[in-house]
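Below: the structure, in structure tokens.
A short reminder: the numbers here are calculations on the coordinates, not readings from a lab. The shown structure was predicted, so the numbers you read here are calculated from the model rather than taken from an experiment. Note that each Cβ is placed from the backbone with ideal geometry, even for glycine, and that neighbours are counted across all protein chains shown.
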Amino acid sequence: MSAASQDAALESAAERPVGELGMWVFLATEVLFFGVLFCGYVVMRWYYPQGFAAASRHTDVVIGSANTAVLLTSSLTMALAVQSLQQGAARRTVWLLAATLLLGAAFLGLKLYEYRDDYLRHLVPWLDFVFPGRHAGGARLFFYMYFVMTGAHALHLTVGLGVVTVMIIGVARGAFSRERAAPVEVAALYWHLIDVVWIFLYPILYLVART
Amino acid sequence: MSNTDSYLGAGLRLRDWLTTTDHKRIAILYAMGITAFFFVGGAAATLIRLSLITPQGDLVSAETYNKLFTVHGVVMVWFFLIPSIPATLGNFLIPMMIGAHDVAFPRLNLLSWYLYMGGALFTVADLIIGGVDTGWTFYTPLSTMFSNTAVVAAVAGVFVVGFSSILTGLNFIVTVHRRRAPGMGWFRLPLFVWALYGTSLILVLATPVLAMTLVLLAAERLFGIGIFDPALGGDPLLFQHLFWFYSHPAVYIMILPAMGVVSEVIACFARKPVFGYRMMAYAIIGIASVSFLVWGHHMFVSGQSMYAGMVFSFLSYLVAVPSAIKVFNWTATLFRGSISFEAPMLYALGFIGLFMLGGLTGLYLAALALDVNLTDTYFVVAHFHYIMVGGSVMAYFAGIHFWWPKITGRMYPESWARLAAIAIFIGFNLTFFPQYLLGMEGMPRRYWEYDPQFQVLNVLSSAGAAILAGGYLLPALYLSWSLRYGPRAAANPWQATGLEWQTPSPPPEGNFPTTPRVVRDPYDYTPGNRDEAGAAMHPQAGP
């Protein structure tokens, strides 16, 4: 090995990419973070199967399903955005990221509308909760978990919207490009996690008693 | 080397320190924080021990007593022990030991410190001004329904500090994967780095569970609905499962780094390679893995299923295997070594003895039938103090003394340090050994008053605590003194191996003038030869 290439090998240790591995580790923490909620959900559903079944019939399955479609599509546009950037198509990347942002915002808008509807139907468990039938106790806990879980998810999505906005600005200004695609790739990983979490939330909150 | 070329000389204004991204300076910032919190937690312990001198609880009221042991527990666990070795020595040493110029995410590292200080100061202020009487475990429904104290504020601070832990663990994992110098293969890593790697895995995978559990606890308290309070339809066992899913692995967050420090110190002062190096590394990962499967042994009498108890009991015994491997291997490292008794070595040897006693009494508590008698007695208190104070704090002091010359560029006064090590060892045993006996005789923990028959042992314990407190104050004094008056340290005062000794004391800003190349295995010591060790590891950056 020549002296020059040896020096290059020595210095390369400081240049190895760290962002992607860092994000994977962070996603592992997120899985454990949501894991607590899923665990709590499972235990409560074990105690109150009928309450949970009855309550899940009161969630808005139309909005829930629409939101699932919206979020899955946003993951598609996000994946395409990463691919475009890796191919050097910056302009297309900006459009695809903008589409991702819009779909994410649409999800959040629908979710807020659904919350408002839940409120009007007296389904917010710490306000004026009213639930007909014998299973009000279990239903109350179902809606508690529903708000905590979708709330935590919406919070993550809101952060995601901020991240995608930064990515749009970065790509538009040329700060992120084919040569420096890592930030967008890392942001995409995070976005997909939000999607994956929702894929688990959707059936356990909306489809329990609709099989 | 003069101070102006070192990391300590690069910018002396307060602003330079508060905006630094140098892992070495961040380590110093953490050290100041945890030292302050150590004395806050220690002051609470002092009041507890003073109060327990008499059986009637003469010194403080019952409410104050409950608040005192909560301050002691919360501060010592989350604001001292968890960050102690990882955030100070780990931050300082991991990049140096693997031949890196900094951690993978330097700015994230600084953010971790701000989260830590912000959350910890908030909670400590809350604990002192308002007070919380639930103990550090925040068990429901006491914490959610019955306690009239400032629980939500306290858990909010702990929640924030949790994110500091997560980010530190994340940073270390990525640093070890991506920033090793050429030639630094996984099995050339010093055991300290292995230990911190295992610790980081736990920090990253366990802390989120605590964070979310505390969110649910606060929500339950604020909204009057939740899944932990039986009166609300919830299950208090669920809280305990989730709490201990974090808090048992957290014990290994405290002890694994200590094992790492002790491995470095023992090898250096026995002038021998660590016996069974690979087995030591595997044992670290083994302990970290099994640590996630034993939480239920905290709940043997809480009403969990008997079969769950049996499985948890068996798995808890399993932890003894890798732990014993470590103790045996340290002993084998000492065998026929060229041993000398500098202060770090005294602390490290103290660690082995106290850790062993703490570990073996852990087996008593892992035994289902015996635990029914011993649970919630002073036996448990003595057991975990042997691990956390006799183990972790002793090792922390071993590490602080061992790397003091590297960190500060000054030597500490050796005879004072040895005196302190011995005082701490004696004071510790006098404080906590009587508590084993108290527990065997049935004195319950967390009680403000006790039966007069227990007074003799309690007075002994409090007397020991006075010696222990003196032992802890000594290093605070002589180490501060040495910052100004200590003789200047050479690059490698212990003739130790390891890359951190191959750069000046204190190190320059980027740690190494050029990225080092690693050509030897760790612990390349030859018994009896104190001069050659490690000299060829990095010839470019001698003193």
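Need one number: nm distance between label points at B:Leu419 and B:Leu473, each 7 Å from Cα along Cα→Cβ, rounded to one decimal.
According to this spin-label approximation, the distance is 1.4 nm.
Rounded if a/c is under 1.5, else prolate if a/b is larger than b/c, else oblate: which is the range B:291-377, with a ≥ b ≥ c the root eigenvalues of its Cα gyration tensor?
It is prolate, given that a/c is not under 1.5 and a/b is the larger ratio.
Quick check for you: which residues of the range B:137-152 have the amide N under 12 Å from the point 7 Å beyond the Cα of B:Ser302 toward its beta carbon?
What the label zone holds, given the 12 Å backbone N cut-off, is B:137-141.
Angle, helix B:23-51 long axis vs. longest principal axis of chain B, Cα atoms, 0 to 90°, nearest 10?
40
Could you tell me whether the range B:65-110 comes out rounded, prolate or oblate from its Cα gyration tensor? Rule is a ≥ b ≥ c as square roots of the eigenvalues, rounded for a/c under 1.5, then prolate if a/b exceeds b/c, otherwise oblate.
Here the range B:65-110 falls in the prolate category.
Helix B:455-485 versus the longest principal axis of chain B: what angle, 0 to 90°, nearest 10, using Cα atoms?
30
If R0 is 22 Å, what FRET efficiency do you get for A:Ala89 and A:Glu20 from their C-beta distance, rounded to 0.05?
Once the sixth-power term is evaluated, E becomes 0.55.
Grab every C-alpha pair in chain B, bin the distances at 10 angstrom width from 0 up to the longest one, and report whole percents.
4, 18, 30, 28, 14, 5, 1
Starting from the amide H of B:Arg410, placed 1.01 Å from N in the peptide plane, find each other amide H under 5 Å away whose residue is 5 or more places distant or on another chain.
HN-HN under 5 Å from B:Arg410: B:Ala489.
Which ³J(HN,Hα) values, rounded to whole Hz and listed in residue order, are derived for the range A:45-52 from phi using the Karplus coefficients 6.51, -1.76 and 1.60 in 6.51 cos²θ - 1.76 cosθ + 1.60 with θ = phi - 60°, glycine and proline given as x?
5, 4, 6, 10, x, 6, x, 5
Would you list B:Val204, B:Val518 from fewest to most Cβ contacts within 10 Å?
Going from least to most buried by this count: B:Val518, B:Val204.
Any idea what the relative contact order of the range B:14-541 is, in percent, if you count C-alpha pairs under 8 Å spaced at least 6 apart?
17
Considering only DSSP states other than H, G, I, E and B, which chymotrypsin sites (Phe, Trp or Tyr not before Pro) in the range B:291-374 qualify as loop sites with at most 12 other Cβ atoms within 10 Å?
Those that pass, being in a loop and sparsely packed, are B:Phe335, B:Phe341.
Note the angle between two axes, namely the Cα long axis of helix B:236-270 and the longest principal axis of the Cα atoms of chain B, as a number of degrees from 0 to 90, rounded to the nearest 10.
The helix B:236-270 is inclined about 30 degrees to chain B.
Residues in the range B:98-136 near a label at B:Ser61, defined as backbone nitrogen under 11 Å from the 7 Å Cα→Cβ point?
Label zone hits: none.
Can you sort B:Tyr450, A:Tyr115 so the residue with the fewest Cβ neighbours within 10 Å comes first?
A:Tyr115, B:Tyr450
What distance in nm separates the simple spin-label points at B:Asp521 and B:Leu360, each placed 7 Å from Cα in the Cβ direction?
For B:Asp521 paired with B:Leu360, the spin-label model returns 3.2 nm.
Return the FRET efficiency for the residue pair A:Ala175, A:Asp128: r is the Cβ-Cβ distance, R0 is 56 Å, and the value is rounded to the nearest 0.05.
With R0 = 56 Å, the Cβ-Cβ based efficiency is 0.65.
Is the shape of the protein assembly as shown best called rounded, prolate or oblate, per the rule: a/c under 1.5 gives rounded, else a/b larger than b/c gives prolate, else oblate, with a ≥ b ≥ c the square roots of the Cα gyration tensor eigenvalues?
Here the protein assembly as shown falls in the oblate category.
Express the relative contact order of the range A:42-206 as a whole percentage, based on alpha carbon pairs under 8 Å and six or more residues apart in sequence.
Contact order relative to length: 36 percent.
Testing the spin-label approximation: label points 7 Å from Cα along Cα→Cβ at B:His177 and A:Val31. State their distance in nm.
1.2
Fewest first, what order do B:Ser461, B:Ser289 take by the number of other Cβ atoms within 10 Å?
Fewest-to-most ranking of B:Ser461, B:Ser289: B:Ser289, B:Ser461.
Apply 1/(1 + (r/R0)^6) to the Cβ-Cβ distance of A:Thr158 and B:Phe314, taking R0 = 35 Å, and write down the FRET efficiency to the nearest 0.05.
0.20
With θ set to phi - 60° and the Karplus curve 6.51 cos²θ - 1.76 cosθ + 1.60, what are the ³J(HN,Hα) couplings of the range B:89-99 in order, to the nearest whole Hz, using x for Gly and Pro?
5, x, 4, 5, 9, 4, x, 5, 5, 9, x
Which is the longest run of chain B containing none of the GluC sites (Glu not before Pro) found in DSSP loop states (not H, G, I, E, B) with at most 14 other C-beta atoms within 10 Å?
B:1-448
Helix-only mean residue ellipticity at 222 nm, chain A, DSSP H runs n ≥ 4 weighted -39,500 (n - 2.57), per residue, nearest 500. What is it?
Calculated at 222 nm, the ellipticity per residue is -27500 deg cm²/dmol.
Ignore the peptide's own chain and count Cβ atoms of other chains within 10 Å of each Cβ in B:193-204; give me the average, rounded.
1
Please list the non-local residues whose amide H lies under 5 Å from the amide H of B:Val301, H modeled 1.01 Å from N, same-chain partners needing a gap of 5 or more.
none
Hey, how many Å between the Cα centroid of the range B:6-75 and the Cα centroid of the range B:394-443?
Their Cα centres are 17 Å away from one another.
Taking DSSP loops as anything outside H, G, I, E and B, show the longest stretch in chain A free of trypsin sites (Lys or Arg not before Pro) there with at most 13 other beta carbons within 10 Å.
Answer - A:58-120.
Tabulate in residue order the Karplus-calculated ³J(HN,Hα) for the range B:291-304, using 6.51 cos²θ - 1.76 cosθ + 1.60 with θ = phi - 60°, rounded to whole Hz; enter x for Gly and Pro.
So the J values, rounded to whole Hz, are 4, 7, 10, 10, 4, x, 6, 7, 10, 4, 9, 8, x, 6.
What ratio of Cα Rg to 2.2 N^0.38 Å holds for chain A?
Scaled against compact globular proteins, the figure is 1.28.
Per DSSP helix of 4 or more residues, -39500 (n - 2.57); summed, then divided by the residues of chain B. What does that give at 222 nm, rounded to the nearest 500?
Value at 222 nm, helices only, nearest 500: -21000 deg cm²/dmol.
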